[in-house]
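Chemist: Before I ask anything, here is the structure I am working with.
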Amino acid sequence: MNKQRVTTATFREMKLAKKPITMLTAYDYPVAKMLDACGIDAVLVGDSVGNVVLGYDSTVPVTMDEMVHHVKAVSRAVKRAMVVADMPFLSYHISNEKSLENAGSLMQEAGAQALKLEGGQEICETVRIMVNAGIPVMGHLGLTPQSVHQMGGYRVQGKDEKAAKKLLLDAQALVDAGVFSIVLECVPTPLAKMITEKVEVATIGIGAGPYCDGQVLVTHDMLGLYGGQPPKFVKKFADLHQNIIDAIKAYRVEVQAGDFPTPDYGFNMSQDVLEKLNK
Ligand code: KIV
């Protein structure tokens, strides 16, 4: 594995070389460290932290302070991958000054190397301002979870002609505004292929088929950390939920039965000291 830090130039080179880019989410130090050790190209501190770790029912409640906290932990762990941080709901809509200030917190204070913003033509002015300030921006089109209440649920986007044409225009507008990459979430495979072929920047798909320049999944989903059925586009590469439940139950049973800890898990002290204590 090449140990050099992954940058926007790496994304460009990988797209040109048709070498698939790998991205997964992390919200804490140990998982981020494992992703980096396994050669994942980009670690996304997604605002999915809201659903996956913080117990919110959408990404809307996630705050800047929460993002900074998690990005800091991930940045401390990652040496090679690009750390991409989501700008949370409304953190890039209030004013240009506020957007730049928030971007500064995620990059200067927390250590992200790039920021991801949801939206198309309507956010291009903000993207331009950030790119002009030297911030690498990743776009996010299709199903944009921060707009779940406007979209009326988590649905595949761009299925009819009007919506598909808008996605094509949005993708080009983001490229013109200076993004170095675009996440395509829950977009029909042929449309994601068309966008990928049209734009000069790397597309990263999630529920967007195999023709994107890279793929991203929420790590907790692909590890099967939660019981139940994940979304259709998630492949479970492990079933950690069952493994963890089994381990926790085994611990409870052993402690209750007095089988744990055995002497092997304890520490001894010299007989001499013990005798003095007993006097
Ligand atoms: O927040 C997130 O994890 C994301 C991915 C689903 C792309 O935006």
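Chemist: May I ask you to list the residues in region 12-65 that are under 21 Å from Ile195 (Cα atoms) and among the hydroxyl-bearing types (Ser, Thr, Tyr)?
Modeler: Hit for region 12-65 is Thr22, nothing else.
Chemist: With the condition kept exactly as written, say whether any residue in region 201-216 is in the same structural domain as Leu115 (by TED's automatic domain parsing), acidic (Asp, Glu) and within 19 Å of Ala85 (Cβ to Cβ).
Modeler: First, pick out the residues of region 201-216 that are in the same structural domain as Leu115 (by TED's automatic domain parsing): 201-216.
If we keep only those that are acidic (Asp, Glu) too, we end up with 213.
Applying the additional criterion that residues be within 19 Å of Ala85 (Cβ to Cβ) yields none.
Checking region 201-216: not a single residue is in the same structural domain as Leu115 (by TED's automatic domain parsing), acidic (Asp, Glu) and within 19 Å of Ala85 (Cβ to Cβ).
Chemist: A further question follows. From the list Gln146, Gln157, exactly one residue is surrounded by 20 or more Cβ atoms within 10 Å (Cβ to Cβ), within 16 Å of the ligand (Cβ to nearest atom) and part of a helix (DSSP H, G or I). Which is it?
Modeler: Details: Gln157 fails: part of a helix (DSSP H, G or I).
Of Gln146, Gln157, the one residue that is surrounded by 20 or more Cβ atoms within 10 Å (Cβ to Cβ), within 16 Å of the ligand (Cβ to nearest atom) and part of a helix (DSSP H, G or I) is Gln146.
Chemist: Shifting gears a bit: Could you list all residues from region 56-68 that are farther than 15 Å from Ala112 by Cβ and away from the ligand (no atom under 14 Å from the Cβ)?
Modeler: If the condition is that a residue be farther than 15 Å from Ala112 by Cβ and away from the ligand (no atom under 14 Å from the Cβ), then Asp57, Thr63 are the ones that fit.
Residues checked against (1) within 15 Å of the ligand (Cβ to nearest atom); (2) loosely packed, with under 15 Cβ neighbours inside 10 Å:
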position	(1), (2)
Ala85	yes, no
Phe89	yes, no
Glu101	no, yes
Ala112	yes, no
Thr126	no, no
Gly134	no, yes
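Chemist: Right, here's the next one. Which one of these is touching a residue at least 12 places away in the same chain (Cβ under 8 Å) and either surrounded by fewer than 11 Cβ atoms within 10 Å (Cβ to Cβ) or within 12 Å of the ligand (Cβ to nearest atom) (or both): Gly228, Gly205? Walk me through it before giving the result.
Modeler: Values: Gly228 fails: touching a residue at least 12 places away in the same chain (Cβ under 8 Å).
Testing whether each residue is touching a residue at least 12 places away in the same chain (Cβ under 8 Å) and either surrounded by fewer than 11 Cβ atoms within 10 Å (Cβ to Cβ) or within 12 Å of the ligand (Cβ to nearest atom) (or both) leaves just Gly205.
Chemist: When you check Lys165 against the structure, is it away from the ligand (no atom under 16 Å from the Cβ), under 17 Å from Glu185 (Cβ atoms) and not acidic (Asp, Glu), yes or no? Can you show your working first?
Modeler: Values: away from the ligand (no atom under 16 Å from the Cβ): yes; under 17 Å from Glu185 (Cβ atoms): no; not acidic (Asp, Glu): yes.
No, not satisfied.
Chemist: When residues of region 115-136 are filtered for being touching a helix residue (DSSP H, G or I) at 6+ places or on another chain (Cβ under 7 Å) and under 14 Å from Gly46 (Cα atoms), how many remain?
Modeler: Going through region 115-136 one residue at a time, the tally reaches 3.
Chemist: Now a separate question. Could you list, in sequence order, the residues of region 86-125 that are among the small types (Gly, Ala, Ser), more than 22 Å from Ala73 (Cα to Cα) and without any contact (Cβ under 8 Å) to a residue 12 or more places away in the chain?
Modeler: Hit for region 86-125 is Ser95, nothing else.
Chemist: Now for a different question. Of these, Gly258, Gly224, which one is at positive phi and under 23 Å from the mean Cα position of the chain (by Cα)? Don't jump to the end; show me each part of the working.
Modeler: Details: Gly258 fails: under 23 Å from the mean Cα position of the chain (by Cα).
Every option except Gly224 fails the conditions.
Chemist: Going through Val71, Val45, Val53, Val31 one at a time, which residue ends up being within 14 Å of the ligand (Cβ to nearest atom), of a type in the set (A, V, I, L, M, F, W, C) and surrounded by fewer than 16 Cβ atoms within 10 Å (Cβ to Cβ)?
Modeler: Numbers: Val71 fails: surrounded by fewer than 16 Cβ atoms within 10 Å (Cβ to Cβ); Val45 fails: surrounded by fewer than 16 Cβ atoms within 10 Å (Cβ to Cβ); Val31 fails: surrounded by fewer than 16 Cβ atoms within 10 Å (Cβ to Cβ).
Matching residue, one of Val71, Val45, Val53, Val31: Val53.
Chemist: Yes or no: Lys116 more than 16 Å from the ligand (Cβ to nearest atom) and either in a helix (DSSP H, G or I) or assigned by TED's automatic domain parsing to the domain that holds Ile135 (or both)?
Modeler: Values: more than 16 Å from the ligand (Cβ to nearest atom): no; either in a helix (DSSP H, G or I) or assigned by TED's automatic domain parsing to the domain that holds Ile135 (or both): yes.
For Lys116, the condition - more than 16 Å from the ligand (Cβ to nearest atom) and either in a helix (DSSP H, G or I) or assigned by TED's automatic domain parsing to the domain that holds Ile135 (or both) - is not met.
Chemist: Here is a list of conditions, (1) among the charged types (D, E, K, R); (2) within 23 Å of Ile123 (Cβ to Cβ); (3) touching a Lys or Arg at 6+ places or on another chain (Cβ under 7 Å); (4) more than 16 Å from the ligand (Cβ to nearest atom), and Arg80 meets all of them except one; can you say which number that is?
Modeler: Exception for Arg80: condition (2).
The values are calculated or read from the model by the stated rules, or taken from the named source; none is laboratory data. All of these numbers come straight from a predicted model, not from anything done at the bench. Heads up, the Cβs are rebuilt from the backbone with ideal geometry, glycines too, and the neighbour counts pull from every protein chain shown.
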